[in-house]
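What follows is a single structure, written as structure tokens, with notes after it.
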Amino acid sequence: MKNQLGRNRKNLLHKKFRWSEFLAEKLITLTAFISFVFIVLIFIFVFREAAPIFSSEEKKVSLIQAGEVQETYGDVEENNSPITSNQTSALETSGSEGDASLSNLTGTEWQPVSEVPKYGLLPLILGSLKVTLIAIFLAAPIAILAALFTAMFAPRWAKELLKPAIEILAGFPSVVIGFFALIVLATFVQNLFGFEYRLNAFVGGLAMSLAVIPIVFTISEDALTAVPKHLSEASLALGATKWQTALFVVLPAATPGIFAAILLGIGRAFGETMIVLMATGNAAIFSTQIVEPVRTMSATIGAEMAEVVFGETHYNVLFLIGALLFLFTFTLNAIAEIFIRQRLMKKFSGN
Amino acid sequence: MENKNTKIITKQLNLFYGSKQALKNISLGIFEHKVTALIGPSGCGKSTFLRSLNRMNDLIENTRTEGTVEIDNVNIYQNGIDVVELRKKVGMIFQKSNPFPKSIYENVAYGPRINGVKDKDILEETVERSLKQSALWDEVKDDLKKSGLALSGGQQQRLCIARALAVNPEILLMDEPASALDPIATAKIEELIYELKENYTIVIVTHNMQQAARVSDYTAFFYIGELIEYDLTKTIFTMPKKKQTEDYITGRFG
């Protein structure tokens with residue numbers, strides 16, 4: 001016994017190299033970084049493909065050098081001015097190599113394959129915003145109240161039924177939701193409200209809310225459940241009702257998490273493609289009406305990317321839209337992260 | 001012992017967590033304006049007993065209570081009892097101080113507010129009175145807007161006491177209120193308990209034998225869900241009648 005103890009003590013002084021430990025650690029580190037690297041690479045790719053738009057001078061030069069279109073484009077300086085009949089005929093032969101100047105990009109018309117291509121992004125951005133806002137205004141109240149009910153009021157059996165059921169909805173293929181909206185929901189909503197157009201921003205937003213609810217619900221529910229139990233106990237022990245406790249103690253304490261949930265929901269809605277592609281009618285109309293057909297940024301990429309000529313302006317503009325989407329969701333997620341991590345932490349540690 | 005009003009009387013109180021019995025036939029009377037200490041080793045049911053006095057055990061699933069708990073001669077487990085009203089009358093202080101993540105003022109004003117008090121003057125008055133009662137006023141009167149969580153542990157616990165006092169309870173249940181505090185903060189809480197018993201009936205659970213001896217008038221010794229002995233604190237600590245009690249308070253087990 002004494003001997004063994006002595007030997008153990010001696011071993012303590014010699015740091016042992018553990019192969020399995022080392023490998024496991026490095027492997028985990030590697031996998032963690034791989035996902036990060038992927039994101040960075042995608043980021044670079046999307047921006048690289050969109051970049052030629054911002055260096056259109058260079059493009060024109062290369063076009064001139066190519067020779068075929070030299071006579072039509074003639075004077076390089078004039079290229080930004082409205083296209084003349086002379087140029088139009090040439091565009092027909094050379095495909096839809098249009099001009100992607102800032103004035104064209106900020107226009108209100110999206111007609112990328114017309115004789116005079118118009119790359120106005122505004123109707124698309126407005127379309128995305130409309131559908132996203134409708135979706136979040138419909139989804140957030142439902143999801144948060146459902147989360148409040150599940151976290152605070154539901155008996156155990158209801159909780160065990162509700163939470164997985166709503167979370168399964170999150171994993172629902174969006175094409176199924178889109179199909180449902182296209183076939184069932186649109187007709188139902190049109191009959192109910194008497195809309196002029198069967199497919200419109202409202203139907204799209206409504207269908208989208210089905211995809212957003214589970215996200216907002218799950219994260220809100222987690223935030224509400226994470227509120228320390230001793231807070232709600234303190235409130236109940238003071239003679240507050242369950243409802244008062246939920247509203248005045250638990251909900252405020254979970255605010256940062258719920259805010260983050262809404263932001264992530266917005267991010268999802270903004271980037272979602274299939275549902276809006278199927279349910280919004282896809283007409284790039286620049287209008288503030290919510291019952292008119294719209295076309296969103298993501299749906300535009302989804303619908304047109306497969307048919308676009310590789311490397312031409314239209315292609316680049318689609319990538320620009322992608323880059324904008326990327327930036328938008330990236331910003332939202334970053335804000336959400338800061339809110340969850342920092343505000344929540346701060347809130348429960350004083351000051 | 002008999003010349004006092006009994007505020008709380010429990011009769012044949014049994015409590016089950018699922019199939020496990022946590023309280024076995026507890027019958028005891030708690031006197032008005034006295035401090036009653038509940039002592040016993042961990043898991044003996046003293047906290048459970050405390051929480052059954054304001055029906056906080058209702059919040060735990062699968063609990064079943066048998067027998068009666070009478071407060072001012074009303075059985076709080078009979079049908080038609082409004083638990084919300086009951087808890088306004090029977091306040092509770094928890095082991096871990098649990099101020100809301102709100103300002104000091106909002107913490108104390110919370111109780112009156114949920115009772116529908118909107119008048120600012122009344123609220124301010126209540127906050128000041130409660131903080132004075134809990135001996136915290138002088139330390140925080142200049143920054144009531146500060147977060148309750150920014151206070152020290154002992155101050156937080158006194159804030160929780162102020163918050164409980166703000167709804168004008170008659171009984172205060174304290175579940176090891178000083179177990180997480182340093183000796184100085186503990187002394188302050190004990191002093192406070194001594195002052196509060198003028199106006200309130202106090203039931204306190206404690207692991208600290210000296211604390212029970214210092215602050216309480218009566219002591220009940222619990223062991224594995226049973227009430228072993230209940231008497232004047234002086235008697236319990238000097239001449240316990242049961243061997244188990246003696247063993248426990250002299251530190252032979254527990």
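In the set (1) closer than 19 Å to B:Tyr218 by Cβ; (2) in contact with a Phe, Trp or Tyr (Cβ under 7 Å, 6 or more places away or on another chain); (3) surrounded by fewer than 21 Cβ atoms within 10 Å (Cβ to Cβ), the condition left unmet by B:Gly45 is number (3).
Condition check: more than 8 Å from every other protein chain (Cβ to nearest Cβ), in contact with a strand residue (DSSP E or B) (Cβ under 9 Å, 6 or more places away or on another chain) and among the β-branched types (Val, Ile, Thr). Does B:Ile122 satisfy that?
On the way: more than 8 Å from every other protein chain (Cβ to nearest Cβ): yes; in contact with a strand residue (DSSP E or B) (Cβ under 9 Å, 6 or more places away or on another chain): no; among the β-branched types (Val, Ile, Thr): yes.
Here the answer is no, as B:Ile122 does not meet what is asked.
This table checks each residue for (1) aliphatic (A, V, I, L, M); (2) in contact with an Asp or Glu (Cβ under 9 Å, 6 or more places away or on another chain); (3) part of a loop (DSSP other than H, G, I, E, B); (4) surrounded by 20 or more Cβ atoms within 10 Å (Cβ to Cβ).
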{"site": "B:Tyr194", "(1), (2), (3), (4)": "no, no, no, no"}
{"site": "B:Ile204", "(1), (2), (3), (4)": "yes, yes, no, yes"}
{"site": "B:Ala212", "(1), (2), (3), (4)": "yes, no, no, yes"}
{"site": "B:Leu227", "(1), (2), (3), (4)": "yes, no, no, yes"}
{"site": "B:Ile236", "(1), (2), (3), (4)": "yes, yes, no, yes"}
{"site": "B:Pro240", "(1), (2), (3), (4)": "no, yes, yes, yes"}
{"site": "B:Asp247", "(1), (2), (3), (4)": "no, no, no, no"}
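Checked against the criteria, B:Arg129 does not count as surrounded by 17 or more Cβ atoms within 10 Å (Cβ to Cβ), not in a loop (DSSP other than H, G, I, E, B) and not β-branched (Val, Ile, Thr).
Within region B:180-191, can one find any residue that is under 18 Å from the mean Cα position of the chain (by Cα), within 14 Å of chain A (Cβ to nearest Cβ) and not β-branched (Val, Ile, Thr)? Step through it out loud before you land on a result.
The initial filter retains those residues of region B:180-191 that are under 18 Å from the mean Cα position of the chain (by Cα), namely B:180-181, B:185-191.
Right, trim to within 14 Å of chain A (Cβ to nearest Cβ) and you get B:180.
Filter again for not β-branched (Val, Ile, Thr), leaving B:180.
Scanning region B:180-191 turns up at least one residue that is under 18 Å from the mean Cα position of the chain (by Cα), within 14 Å of chain A (Cβ to nearest Cβ) and not β-branched (Val, Ile, Thr).
Please return the ranges of helices (runs of 4 or more DSSP H) entirely within region A:134-238 where 2 or more residues are under 30 Å from B:Asn62 (Cα atoms), assigned by TED's automatic domain parsing to the domain that holds A:Thr273 and small (Gly, Ala, Ser). Write out each step before concluding.
Details: elements: A:156-170, A:174-180, A:186-193, A:201-226, A:229-237.
It comes to A:156-170, A:201-226, A:229-237.
Return yes when A:Phe286 is part of a loop (DSSP other than H, G, I, E, B) and surrounded by fewer than 20 Cβ atoms within 10 Å (Cβ to Cβ) and no when it is not.
Values: part of a loop (DSSP other than H, G, I, E, B): yes; surrounded by fewer than 20 Cβ atoms within 10 Å (Cβ to Cβ): yes.
Judged against the criteria, A:Phe286 is a match.
Please go through region A:247-283 and pick out each residue that is in a loop (DSSP other than H, G, I, E, B) and within 14 Å of chain B (Cβ to nearest Cβ). Hit for region A:247-283 is A:Ala254, nothing else.
Does B:Val90 meet the test of being among the β-branched types (Val, Ile, Thr), within 14 Å of chain A (Cβ to nearest Cβ), in contact with a Gly (Cβ under 6 Å, 6 or more places away or on another chain) and within 22 Å of B:Tyr200 (Cβ to Cβ)? Break it down stepwise before answering.
Numbers: among the β-branched types (Val, Ile, Thr): yes; within 14 Å of chain A (Cβ to nearest Cβ): yes; in contact with a Gly (Cβ under 6 Å, 6 or more places away or on another chain): no; within 22 Å of B:Tyr200 (Cβ to Cβ): yes.
So B:Val90 fails the test.
The single condition among (1) buried (at least 17 other Cβ atoms within 10 Å of the Cβ); (2) at pLDDT 90 or above; (3) closer than 30 Å to B:Gly251 by Cα that B:Arg55 does not meet is (3). Condition first: within 11 Å of chain A (Cβ to nearest Cβ) and either part of a loop (DSSP other than H, G, I, E, B) or acidic (Asp, Glu) (or both). Now tell me which residues in region B:102-119 satisfy that. Correct list: B:Lys102, B:Glu106, B:Asn115, B:Gly116. All of B:Leu173, B:Leu144 fail the test of being within 11 Å of another protein chain (Cβ to nearest Cβ) and either under 11 Å from B:Asn107 (Cβ atoms) or not in a helix (DSSP H, G or I) (or both), apart from B:Leu173.
Let's see how each residue does on (1) within 14 Å of another protein chain (Cβ to nearest Cβ); (2) in a strand (DSSP E or B); (3) free of Cβ contacts under 8 Å to residues at least 24 places away in the same chain; (4) farther than 17 Å from B:Thr245 by Cα:
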site	(1), (2), (3), (4)
B:Leu23	no, yes, no, yes
B:His33	no, no, no, yes
B:Cys44	no, no, no, no
B:Asn54	yes, no, no, yes
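Just one of the numbered conditions (1) modelled with pLDDT of 90 or more; (2) out of contact with any strand residue (DSSP E or B) (no Cβ under 9 Å at 6 or more places or on another chain); (3) of a type outside the set (D, E, K, R) is not true of B:Ala185: (1).
Within 8 Å of another protein chain (Cβ to nearest Cβ), crowded, with 24+ Cβ neighbours inside 10 Å, within 22 Å of the chain's Cα centre (by Cα) and modelled with pLDDT of 90 or more, is that true of B:Arg158? In short, no.
Among what's in region B:60-82 and is over 17 Å from the mean Cα position of the chain (by Cα) and outside any loop (DSSP other than H, G, I, E, B), pick the residue that is nearest to B:Thr10 (Cα to Cα). The extreme case among them is B:Thr68. Checking each residue in region A:196-228 for being more than 25 Å from A:Met274 (Cβ to Cβ) and not polar (S, T, N, Q) picks out A:Glu221, A:Asp222, A:Ala223, A:Leu224, A:Ala226, A:Val227, A:Pro228. Between a first residue in region A:42-69 that is surrounded by 13 or more Cβ atoms within 10 Å (Cβ to Cβ) and a second residue that is modelled with pLDDT under 50 and of a type in the set (Lys, Arg), which pairs have beta carbons less than 9 Å apart while being 6 or more apart in sequence or on different chains? Between residues of region A:42-69 that are surrounded by 13 or more Cβ atoms within 10 Å (Cβ to Cβ) and residues that are modelled with pLDDT under 50 and of a type in the set (Lys, Arg), the close pairs are A:Pro52/A:Lys59; A:Ile53/A:Lys59.
The values are calculated or read from the model by the stated rules, or taken from the named source; none is laboratory data. On a predicted model such as this, the values are computed, not experimentally measured, just so you know. All Cβ positions, even for glycine, are placed from backbone atoms using ideal geometry, and neighbour counts span all protein chains on display.
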